[in-house]
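What follows is a short report on a single structure.
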Amino acid sequence: MMGNKERTFLHNPFCRAVVISKRPLMREGLQIVMKEKAAESSQILLANYIELTSEILEQVDVVMLDLDSSQQEFIEQCDFLNHLKNKSQHVRWIFILPLHLLNLAIDRLLTTKTSLLSLHEPMNSIIEHVFNNASDVERISDSLLQEKAAQTSVNDMVKTSLTFSECRVLRLISKGWKLVQIATLLEKNYKTVSAQKKSAMRRLEIKTDAEMYAWLFSEHGKRELNIPPYNQ
């Protein structure tokens, strides 16, 4: 995250903030930039969210917390933080987190007084979230949403790891063959063919035959199984 000289509107230049991060560069860097933007502001720097207490929360307007952790650690953090949030209704919360925690954060942390920012958030965006009212900024930052959209696009392009046998069974099903006919054609036991179909559905996270047929005739399914026009 790099600072720049762009002019940022500050609704509350007297903001009192807690900055929590295990990374000294994050804590001290944000403190320097915040002081440059608003000399009247004040900051409390903490290395761990466990150090945050009700007494500290009574002294501040904003808590900015770097949540770069595993999913299990994040769930434990949420339980602790939600307890404090419920006791400090006046405080706004800004969580800086990696993309893999976004869905959990939406479920467990997002409220009208919460903002979710990216680990790669531009410094100007962070400053805007710190010094402005919750109603004046995004609850989920554009940077984080753009990362999510980019990941979804990449995931759509990545092939599912179906085995050769699973692909062959699904191709035949897409052409209207029944499992008993496929077993006869391939000179396989019916139970073997049925197991390959079920295994393919598990890999694709498909639970019903209706979902399977929808996938078979989707663009993704045709590409995965190399069905025309994707085998040209």
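The values are calculated or read from the model by the stated rules, or taken from the named source; none is laboratory data. Small disclaimer: the values here were computed from a predicted structure and weren't measured. Counting neighbours? That spans all protein chains shown, and the Cβs are built from the backbone with ideal geometry, glycine included.
Quick one: Gln77 ticks every box in (1) part of a helix (DSSP H, G or I); (2) without any contact (Cβ under 8 Å) to a residue 24 or more places away in the chain bar one, so which box is it? Tallying (1) part of a helix (DSSP H, G or I); (2) without any contact (Cβ under 8 Å) to a residue 24 or more places away in the chain, Gln77 fails exactly one: (2). Among the conditions (1) among the polar types (S, T, N, Q); (2) modelled with pLDDT under 90; (3) in a strand (DSSP E or B), Gln43 misses just one, which is (2). Only one residue in Ser143, Ser88 is touching a His at 6+ places or on another chain (Cβ under 7 Å) and either among the aromatic types (Phe, Trp, Tyr) or surrounded by 14 or more Cβ atoms within 10 Å (Cβ to Cβ) (or both). Which one? Residue meeting the stated conditions: Ser143. Residues that are part of a helix (DSSP H, G or I) and either at pLDDT below 90 or not hydroxyl-bearing (Ser, Thr, Tyr) (or both) do occur in segment 3-25. Per the listing Gln59, Gln77, the residue uniquely closer than 20 Å to Arg27 by Cα, surrounded by fewer than 17 Cβ atoms within 10 Å (Cβ to Cβ), in the same structural domain as Ile127 (by TED's automatic domain parsing) and not hydroxyl-bearing (Ser, Thr, Tyr) is Gln59. Scanning segment 29-41 for residues that are surrounded by 14 or more Cβ atoms within 10 Å (Cβ to Cβ) and without any contact (Cβ under 8 Å) to a residue 24 or more places away in the chain yields one hit, Gln31.
Assess whether Ala210 counts as being exposed (fewer than 11 other Cβ atoms within 10 Å of the Cβ), among the aliphatic types (A, V, I, L, M) and under 30 Å from Ser69 (Cα atoms).
no
Evaluation of His129 against the conditions (1) surrounded by fewer than 12 Cβ atoms within 10 Å (Cβ to Cβ); (2) farther than 30 Å from Phe217 by Cβ shows that the sole unmet condition is (1).
Considering only segment 63-74, I want to know if a residue exists there that is part of a loop (DSSP other than H, G, I, E, B), charged (D, E, K, R) and over 19 Å from the mean Cα position of the chain (by Cα). So far as segment 63-74 goes, no, none of its residues is part of a loop (DSSP other than H, G, I, E, B), charged (D, E, K, R) and over 19 Å from the mean Cα position of the chain (by Cα). Residues that are outside any helix (DSSP H, G or I) and within 13 Å of Gln71 (Cα to Cα) were ranked within segment 88-129; the one that is nearest to the chain's Cα centre (by Cα) is Pro98.
Are any of the residues in segment 185-200 under 29 Å from Leu101 (Cβ atoms) and in a helix (DSSP H, G or I)?
No, segment 185-200 contains no residue that is under 29 Å from Leu101 (Cβ atoms) and in a helix (DSSP H, G or I).
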